[in-house]
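The values are calculated or read from the model by the stated rules, or taken from the named source; none is laboratory data. Since the model is a prediction, treat every value here as computed from it, not as a measurement. As a convention, Cβ positions derive from the backbone with ideal geometry for all residues, glycine included, and neighbour counts pool all protein chains shown. Ligands, DNA and RNA are excluded from the accessible area calculation, which covers all protein heavy atoms including side chains. Shrake-Rupley method; radii C 1.70, N 1.55, O 1.52, S 1.80 Å.
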Amino acid sequence: MVVLVAAGLILQGVAGSLLIAIAGAIMLVGRFWWPADVVRQLVWRTRRVARVIGGAIWLIAAAFLLAGNPVVAWVLTLPIAVMVALDAGLDFCALCFLVAQLDQRGILRRA
């Protein structure tokens, strides 16, 4: 997934937007329909909410890249790519960690 996004950011234009959109669609659609998530089928892991958020952000980034705004696309895709790499490499879910920290501090209960 990270390679698809990185290649999209490097290529830019229509080809780059397509690569980022494919990565986003795999994450987003694959959350709700198992056969679409070819990555999850290979690694047998999931972080459902994080995948929905990440997939949606990558689809939005693809639109920005297609619209000729690569800076916004980079800003949107890089944090998600880092989180995907942390999850794949270290089995660390950054969103899970953030939610646990907010819950521990009572912020979620007040919201």
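Some points to look at:
- Cα-centre dipole for the chain with unit charges at Cβ (Lys and Arg positive, Asp and Glu negative), debye to 20: 380
- When the Cα positions of Val99, Val49, Val84 are compared along the charge dipole of the chain, Val99 comes out farthest toward the positive end, with charges on each C-beta of Lys, Arg, Asp and Glu.
- In the chain, the DSSP-assigned H stretches of four residues or longer account for a calculated mean residue ellipticity at 222 nm of -26000 deg cm²/dmol, using -39500 (n - 2.57) per stretch and the full residue count as denominator.
- Solvent accessible area, Å² - Asp103, 1.4 Å probe, full protein context: 70
- Axis of helix 48-66 versus longest Cα principal axis of the chain: the two differ by about 30°, to the nearest ten degrees.
- Relative contact order [Cα under 8 Å, 6+ residues apart], the chain, whole percent: 25
- The C-alpha atoms of the chain define a longest principal axis, and helix 2-11 lies at about 40 degrees to it.
- Listed residues Leu4, Leu59, Trp34: farthest to the positive end of the dipole of the chain (Cβ charges): Trp34
- Solvent-accessible area, 1.4 Å probe, carbon plus sulfur percent, for the chain: 74
- Surface exposure of the chain, expressed per residue as accessible area with a 1.4 Å probe, stands at 60 Å².
- To the nearest ten degrees, helix 13-32 and the longest principal axis of the Cα atoms of the chain are 30 degrees apart.
- Under Karplus coefficients 6.51, -1.76 and 1.60, residue-wise ³J(HN,Hα) of segment 81-96 in Hz, glycine/proline x: 4, 5, 5, 5, 5, 4, 5, 6, x, 10, 6, 10, 9, 5, 5, 4
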